[in-house]
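Structure first, commentary second.
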Protein chains: 2
Amino acid sequence: MSLTVYKRGQLAKLTSCNSETIRYYEKINLLPEPTRGSNGYRYYNNDHLQRLGFIMKSKSLGFSNDKIRELLEISRGIGQHTRAEAKALTESHLEQVRQRISDLKKIETTLSQISHQCDGANESADHCPILLSLFDQNLAKV
Amino acid sequence: MSLTVYKRGQLAKLTSCNSETIRYYEKINLLPEPTRGSNGYRYYNNDHLQRLGFIMKSKSLGFSNDKIRELLEISRGIGQHTRAEAKALTESHLEQVRQRISDLKKIETTLSQISHQCDGANESADHCPILLSLFDQNLAKV
DNA sequence: GCTTGACTCTGTACTATCTACAGAGTTTAT
DNA sequence: ATAAACTCTGTAGATAGTACAGAGTCAAGC
């Protein structure tokens with residue numbers, strides 16, 4: 001219905017997306033090509049606005065551009081796709097997030113340990129426990 | 001003391017570092033240039049071995065290459081650097097790790113919520129709660 | 001109507017952190 | 001001797017953008 005159009009900068013402001021990034025998303029087929037004015041300017045419609053909002057939200061949840069492209073395809077598919085696909089994508093991503101958290105927690109523990117071993121005195125870094133830990137062949141694998 | 005030398009592939013195996021990556025680390029001044037044989041081959045010594053071990057361990061703790069370069073400089077500096085510097089670098093990195101964990105936990109919560117809202121049935125993705133969430137203007141900011 | 005500033009266009013280069021490949025030369029094993 | 005495995009250089013690709021140069025366009029104020 002709405003015939004509202006937006007120039008690139010306006011779309012950028014409305015979505016908090018860098019305006020150069022909008023061009024980039026078009027290049028990698030995340031955002032469809034908008035119509036062009038006779039001046040060559042891109043003119044976006046409300047569908048672009050909604051899609052870019054979707055992209056920004058998915059990004060904030062850590063989805064990769066490839067995953068976002070898949071999610072957009074599912075949402076656009078006319079009955080071709082199922083909720084099972086959307087859920088599978090989400091669950092698989094969630095698993096990755098959990099794995100990453102688990103990895104980072106191990107890193108946090110190790111960093112915290114080696115940091116506590118160093119008094120941080122304003123003296124020569126010779127024999128600094130942190131550096132020695134990093135040189136240590138036997139530092140626990142993270 | 002030890003006059004052991006290693007070719008690139010040997011160093012790679014000993015450190016579990018990809019051999020192309022060793023070349024890359026030399027390019028970005030993370031690993032000093034080794035001596036070259038008359039055939040142009042790189043011949044590494046035990047100092048390189050130890051440094052690359054340091055790099056790999058630091059990487060496994062999530063330090064960026066720039067931070068690793070600083071840590072190496074501190075460890076190499078002849079009394080020029082202090083333990084305070086090493087500790088500050090570590091603490092600042094630890095803070096970043098904690099922040100990242102906190103961000104990921106929020107993402108995990110949101111993903112888990114929207115995933116639970118979807119039954120994942122093998123039916124049309126129309127009205128899929130996950131996709132609707134991602135299109136929703138009001139989805140809680142992560 | 002003109003000027004000025006803001007915007008947009010294209011293409012390309014840069015960030016970080018590697019990884020991989022082509023085509024040539026070298027070493028090693030059988 | 002020959003073939004496999006290794007190394008050399010330089011360059012391109014992946015991921016996810018960001019930034020800039022140089023040209024053209026639009027909008028507001030005078």
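Where a number appears in this text, it was derived from the coordinates with a stated rule and is not lab data. Computed from a prediction, not measured in an experiment: that's the story for all the values here. Cβ: placed from backbone, ideal geometry, glycine included. Neighbour counts: every protein chain shown.
Which of rounded, prolate, oblate describes region A:1-123, given a ≥ b ≥ c as roots of the alpha-carbon gyration tensor eigenvalues and a/c under 1.5 marking rounded, otherwise prolate only if a/b is larger than b/c? It is oblate, given that a/c is not under 1.5 and a/b is not larger than b/c. Counts of other chain beta carbons within 10 angstrom of each beta carbon in peptide A:100-109 average 5.
Rounded to the nearest 0.05, the FRET efficiency derived from the C-beta distance between A:TYR43 and A:SER64 at R0 = 45 Å is 0.95. Would you mind pulling out the separation of the Cα centroids of region B:21-53 and region A:26-62, in Å? The two parts, judged by their Cα centres, are 46 Å apart. What residue among A:LEU14, A:LEU31, A:LEU94 shows peak mean-square fluctuation when chain A is described by a Gaussian network model with Cα springs under 10 Å? Among A:LEU14, A:LEU31, A:LEU94, the largest GNM mean-square fluctuation belongs to A:LEU14. Please list, in order, the residues from region A:31-60 whose amide nitrogen is less than 19 Å from a point placed 7 Å along the Cα→Cβ vector of A:THR4. Only A:32, A:34-35, A:42-57 pass the distance filter.
Over the residues of the protein assembly as shown, the helix contribution to mean residue ellipticity at 222 nm works out to -19500 deg cm²/dmol, using -39500 (n - 2.57) for each DSSP H run of at least 4. Computed from the C-beta positions of A:ARG76 and A:SER16, the FRET efficiency with R₀ = 22 Å rounds to 0.45.
Projecting 7 Å from Cα along the Cα-to-Cβ direction, the label point of A:GLY77 sits 5.7 nm from its equivalents in the other copies, listed shortest first. Taking 29 Å as the limit for the C-alpha separation, the pairs A:LYS67/B:LYS106; A:LYS87/B:LYS67; B:LYS27/B:LYS87; A:LYS57/B:LYS67 exceed it in the case of A:LYS87/B:LYS67; A:LYS57/B:LYS67. Could you tell me whether region B:1-62 comes out rounded, prolate or oblate from its Cα gyration tensor? Rule is a ≥ b ≥ c as square roots of the eigenvalues, rounded for a/c under 1.5, then prolate if a/b exceeds b/c, otherwise oblate. It comes out prolate by the Cα gyration axes. When only the Cβ of Lys, Arg, Asp and Glu is charged (+1, +1, -1, -1), the dipole of region A:1-63 relative to its Cα centre reaches about 120 debye. Can you return the aspartates and glutamates within cross-link range of B:LYS7? Criterion is Cα-Cα under 13 Å, with same-chain partners fewer than 8 residues away left out. List returned: B:GLU20, B:GLU33.
Work out the FRET efficiency for A:PHE135 and A:MET56 from their Cβ-Cβ distance, taking R0 = 51 Å, and round it to the nearest 0.05.
Approximately 0.70, to the nearest 0.05.
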